[in-house]
Structures are given as C-alpha cells and as structure tokens.
Amino acid sequence: MNWLTRPRARERSVALALPTPDGDTWPPADPAARHGFGASTIHRLGTDAAFTPRAHEIADLLTARLLPLLAVDSSPTDLPHVVQLLRSAAQAGAGIGIVDARDGAIAADRMGADAAGALGEAERDLPPMPAALRVHARYLMHAGHHVARLGPGVVDDLETELRARIPHP
C-alpha cells in the first residue's frame, strides 16, 4: 500500500481549551471533532453520567460561581426555570467530561474527538430557547466538561475569564 491509497489516520483528540462565553473555543466547531457512532455513544454514556453525584457537584459549583456573572435576561417568574435549564446544561457537559476522562489514551490537555462531537449532540438536545440563552447554556455545558476533565480548581480560571469580559461602567 502506498501513501496515496493508505487510509489517513483521523485525529483522536481536540485541544482542551478554556471555555469562553462567546463560544470561540466550542469543541464541536473544531475540524477534528467527530460526528457519528462514537460521538453518539459518548453522548449517551455522558447522559447517564450526568446523574452521578460528581456531575451534580460540578453543576452546583458552576451555577453558584459562574451563573451570577452571566447577563441572563429573564422575567422574575421564569428565572427559576432558566436557572434550572442552565444548571442542567452544565450537568450534561459534566457527564460527557466524566466519560471523556475515562479514556486513558487522551492527554490531560486534550479531549477525545468523539467527546467534542458529543457536546454538539448535547447542545442540539437543548429545548428551543432564545439565542442569547442558548449561548449561556452552551458555555455552561462546555464549562461542565472542562471542570469534569481538569477538576474544580479550574473554576477560578473560568471566573477570572468571565469577570474580564464583563463591561465596566
């Protein structure tokens, strides 16, 4: 088999970049992110892992530390539901991160290409919502994955990044 007919190896991982509220580092947008059976499998396993105590702890931490820094536009009546929706997005991302962390072949500064695709599937599973709210849900989902992979100490970095982006009067 020569180099023209040899199948090309696909990248198995994507950079594990700090989530940003504008979505610049959203993993499913990476060309190496996989979409298919592997991503669907990670998504399904991540959905199960989202109901573990660890995923709940990560979602609670992100809801307490990051959600107050996001400019969420909601009526007082809808606010409890919006908070629960955003917390659920963080929990879903944490579940995918828990499953992604099980792959010992992926370096600590990388995420599996299938996990990147699974985050995209999880975003598509979100209910219909205004675009600005979807941006927040996607950010918290990415942050949930990030914390599940690297540990709760990275929440300080996430908080610092968010504070730096908040416009000062």
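The values are calculated or read from the model by the stated rules, or taken from the named source; none is laboratory data. From a predicted model like this one, the values you see are computed outputs, not experimental measurements. Virtual Cβ from ideal backbone geometry, glycine too; neighbours counted across all protein chains shown. Accessible surface areas use protein heavy atoms only, side chains included; no ligands, DNA or RNA. Shrake-Rupley method; radii C 1.70, N 1.55, O 1.52, S 1.80 Å.
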Exercise for the section: Collect residues whose amide H, placed 1.01 Å from N in the peptide plane, falls under 5 Å from the amide H of Ser13; neighbours closer than 5 in sequence don't count. Expected result: Ala113
Practice task
Could you state the angle between the C-alpha long axis of helix 131-150 and the longest principal axis of the C-alpha atoms of the chain, as a value from 0 to 90 degrees rounded to the nearest 10?
Solution key: 60
Handout entry: Cβ-placed point charges (K, R +1; D, E -1), dipole of the stretch 13-84 about Cα centre in debye, nearest 20
Key = 280
Practice task
Calculate how steeply helix 53-65 sits against the longest principal axis of the alpha-carbon atoms of the chain, using the helix alpha-carbon long axis, and give the answer as 0 to 90 degrees to the nearest 10.
Solution key: 50
Fill in the blank from the handout: Percent relative contact order for the chain, counting Cα pairs under 8 Å at least six residues apart, stands at 36
Fill in the blank from the handout: Taking a crude spin-label model, label points 7 Å out from Cα along the C-beta direction, the Asp73 to Ala132 distance in nm is 0.3
Practice task
Between Val83 and Asp48, with labels modelled 7 Å along Cα→Cβ, what's the label distance in nm to one decimal, could you check?
Solution key: 3.2
Problem - Efficiency of FRET from Cβ geometry, Arg124 and Asp103, R₀ 30 Å, rounded to 0.05 - result: 0.85
Exercise for the section: Tally up the carbon and sulfur contribution to the accessible surface of the chain as a whole percent, 1.4 Å probe, everything protein left in place. Expected result: 58
Handout entry: Angle in degrees between helix 113-124 and the longest Cα principal axis of the chain, rounded to the nearest 10
Key = 40
